[in-house]
Amino acid sequence: MAKGDVKLLGTWASPFALRVEVALKLKSVDYEYLEENLRGGKSELLLKSNPVHKKVPVLLHGDRPVCESLIIVQYIDEVWTYGPSILPSDPYDRAIARFWAAFVEDKVYPSMRAIMTASHEEARAEAVAKFKEVLVLLEDAFVKSSKGKPFFGGDEVGYVDIAFGAFAGWFKVIEKAFNVELFDEATTPNLLAWVDAFLAHPAVKDITPSTDKLLEFAKNFLLPTMKAVAPASQ
Amino acid sequence: MAPQGEVKVLGAWPSPFVMRPRIALNLKSVEYEFVEENPGNKSELLLKSNPVYKKIPVLIHGDKPVCESLVIVQYIDEVWKDSTSILPSDPYDRAMARFWAAYVDDKMFPTMREIVAANEDEAKAAAVALFKEGLSLLEEALVKMSKGKKFFGGDEIGYMDIAFGCYISWFKVTEIVSNVKLFDESATPHLVAWIHSFSSHPAVKDVMPETDKLMEFAKNVVFPRIRAAAAAK
C-alpha cells in the first residue's frame, strides 16, 4: 500500500491531536495539518471522515480515515515501520504499555477536568489530591518501564510517553492557573523530570503550544464551555 | 514454538470481559487453568496481580500478570503467533477492528445499562432507541469487515467478534428482564445471523454463560446494583 497523502484533522489545543502529531514527527512522516475551527462548526470533511464520533483527531491516509488518537498512533507505528518503534517489540512489554496508556485514558482527562471545573477551593484541592494519587501510580510505572532511561519507552519516546505526555502542556497550564503543584520532588521525582524531557524532545517542542497561549484559550473558551456542560455530581 | 510458562485466567463465569481471554486462548488451543474469583472476596493472587484495578480478568503467564481484557487478547495474539490470527494483518483493518471494539465498550455496554436502569417508559424507550442506532452502525461495520463471510474477522472469529460477542448473553438477558426487543431480523439481519454463528463456535460455546443461569444472577445481583447506582446520581 503506497504511503501516499497524509492529512491530520485536528485542533491546535487538543492533546489528542498532539498525540498523533508527535507520532508522525517521530516517524518523519510528511503530513498536511488541517485545523478544525472550534467556533465555526464542524467541517464537512470531519463529519464525513468521523461520522460516528464527529471528533478530532482524524488521520486521513490516502483518503481512508482512521479515528481515535491511540488507535491512530498504533496505525502509524504499524504502517511506517522504519524509524523508531513506538510500541516495544516484546509482547509482555507491549501489554504493559497498552495497560498504562488505557489507564491514562481512563484517569487523566477526567481528573484534569475535575480540577479545572471545581467550583471552590476545597473541591479543587480534593481534585488535585486525587490526581496526585493517579500520578504516584504512573511514577511507579515510569520507574519500572524506563529502566533508568529518560522515557517510559526507554531511550526514546514510546507509546505511554505519547499517550500521557500529550497532556504535559495542559499540566503546566493547571499549575500556573491555579497555583498548584501537580508533580513534585517528594512524590513524583521521575515524572517531574520526565515532563520537561518530553516537552523538550525534538518531535514535541515545535508543535506543543506555549503555556501562555493555552492559558488564554482555557480562560476564554475552554473553561466556560466545560463549566456549561459539567455534570452536577462534580 | 510454544512459549514456556503455565497459563492461568483469574475470572468469574458471568463476566463478559473474562470471556474474552478465554475465547482467545481457546482459538489458539492453549491450555489454561481457570480460577473462579469471588468478587465479594478477592483472592490474594488477584490483589497482587492487579493492584491498580483489583479486577478480573487477569491472565497470568508463568508469573507475569496481564490485565485489561482487550490488552490480554492482544497479548495472547502476539505470544501464540503460530496459530490462527485474532487481529487482521493489514494495519488499516487492525485500526477498524480496534475502533469498533472501543465503540462497543464505550457506547453499547453503557447504553445496555441505561436500558436496565430506566424506571419509566420514556427513559427506557430513549435508551433502546440509542442502542438500536448503535446496532445499525455495527450491522454496517459487520457487512464491511466480514466481506461476505460469517464473522467480523471474516472466515474465522477475530478481535471485534470477541470484543462484541462476549456481551451476547447479557443483551439476551436485558431483552427478557426489561421486556424489550433489541435485535431483529429486519433491521439487523447480519448481526442476528452472527449471534448464532458466534454463540455456536467451538471456542465460544463452553465459556458463554447459559441464559437461564445468567438471568437469575442478573435479576438478583447485577441489575439491582445498576438501578441503585443510577438512582444515587
- request: Under 1.5 on a/c is rounded, so check that first for chain B, then, if it is not, pick prolate when a/b is larger than b/c and oblate when it is not; a ≥ b ≥ c are the square roots of the alpha carbon gyration tensor eigenvalues.
  value: oblate
- prompt: Relative contact order (percent) for chain B, with alpha-carbon contacts under 8 angstrom and 6 or more residues of separation?
  reply: 20 percent
- line: For chain A, the helices passing both cut-offs (Cα extent along own axis of 18 Å or more, Kyte-Doolittle mean at least -0.5, full DSSP H runs) are A:91-117, A:121-146
- prompt: Once label points are set 7 Å from the Cα along Cα→Cβ at both A:D155 and A:D93, what is their separation, rounded to one decimal in nm?
  reply: 1.1 nm
task: Determine the relative contact order of the range A:102-218: mean sequence separation of Cα pairs under 8 Å and six or more apart, normalised by residue count, in whole percent.
output: 22 percent
message: Along the charge dipole of chain B, pointing to its positive end and built from +1/-1 on Cβ of Lys, Arg, Asp and Glu, which listed residue (B:L130, B:I76, B:S29) has its Cα farthest out?
response: B:L130
query: GluC sites (Glu not before Pro), restricted to the range B:147-232: which are DSSP loop and have at most 11 other Cβ atoms within 10 Å?
result: B:E185, B:E210
task: Give me the aspartates and glutamates in straight-line cross-link reach of B:K149: C-alpha distance below 16 Å, same-chain residues under 8 apart excluded.
output: B:D93, B:E139, B:E140, B:D161
Positive-end extreme of charge dipole, the protein assembly as shown - chosen from B:V173, B:V9, A:L192 (charges on Cβ): B:V173
query: Is there a pair in A:K130/A:K205; A:K25/B:K147; A:K55/A:K149; B:K28/B:K132; A:K7/A:K54; A:K48/B:K132 whose C-alpha atoms are over 23 Å apart, and which pairs would that be?
result: A:K130/A:K205; A:K25/B:K147; A:K55/A:K149; B:K28/B:K132
query: How do A:R113, A:R39, B:R94, A:R98 line up, fewest other C-beta atoms within 10 Å first?
result: A:R39, A:R113, B:R94, A:R98
message: Please report, ordered by residue number, every helix of chain B (full DSSP H runs) that is 30 Å or longer along its axis going by C-alpha atoms and whose mean Kyte-Doolittle hydropathy reaches 0.0.
response: B:121-146
field: Dipole in debye (nearest 20) - the protein assembly as shown, about Cα centre, beta carbon charges: Lys, Arg +1; Asp, Glu -1
entry: 560 debye
- prompt: FRET efficiency for B:K81 and B:E120, Cβ-Cβ distance as r, R0 = 45 Å, nearest 0.05?
  reply: 0.30
query: With each pseudo-label sitting 7 Å past Cα toward Cβ, what's the A:T11-A:N179 distance in nm, one decimal?
result: 3.0 nm
statement: From DSSP H assignment alone, runs of 4+ in chain A each adding -39500 (n - 2.57), the sum over residues rounded to the nearest 500 puts [θ] at 222 nm at -17000 deg cm²/dmol
task: Using only the Cα atoms of chain A, build the gyration tensor, take square roots of its eigenvalues as a ≥ b ≥ c, and label the shape rounded, prolate or oblate: rounded if a/c is under 1.5, else prolate if a/b is larger than b/c, else oblate.
output: oblate
Order of A:F164, B:F99, B:F198 under a 10 Å beta carbon neighbour criterion, fewest first: B:F99, B:F198, A:F164
task: Run through all the Cα pairs of the range B:169-224 and give the fraction in each 5 Å bin from 0, expressed as whole percent.
output: 4, 18, 24, 23, 18, 12, 2
task: For n ≥ 4 DSSP H runs only, could you compute -39500 (n - 2.57) per run for chain B, divide by its residues and tell me the 222 nm figure to the nearest 500?
output: -16000 deg cm²/dmol
query: Roughly how compact is the range A:4-58, stated as its Cα Rg over 2.2 N^0.38 Å to two decimals?
result: 1.11
statement: Row for the protein assembly as shown, column shape: gyration tensor on C-alpha, a ≥ b ≥ c, rounded if a/c < 1.5 i.e. under 1.5, prolate if a/b over b/c, else oblate; value rounded
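Any read-out appearing in this document is the output of simple, stated calculations on the displayed coordinates, not a laboratory observation. These figures come from a predicted structure and were not determined experimentally. Because the Cβ atoms are built from the backbone with ideal geometry, glycine has one as well, and the counts that use them run over all protein chains shown.
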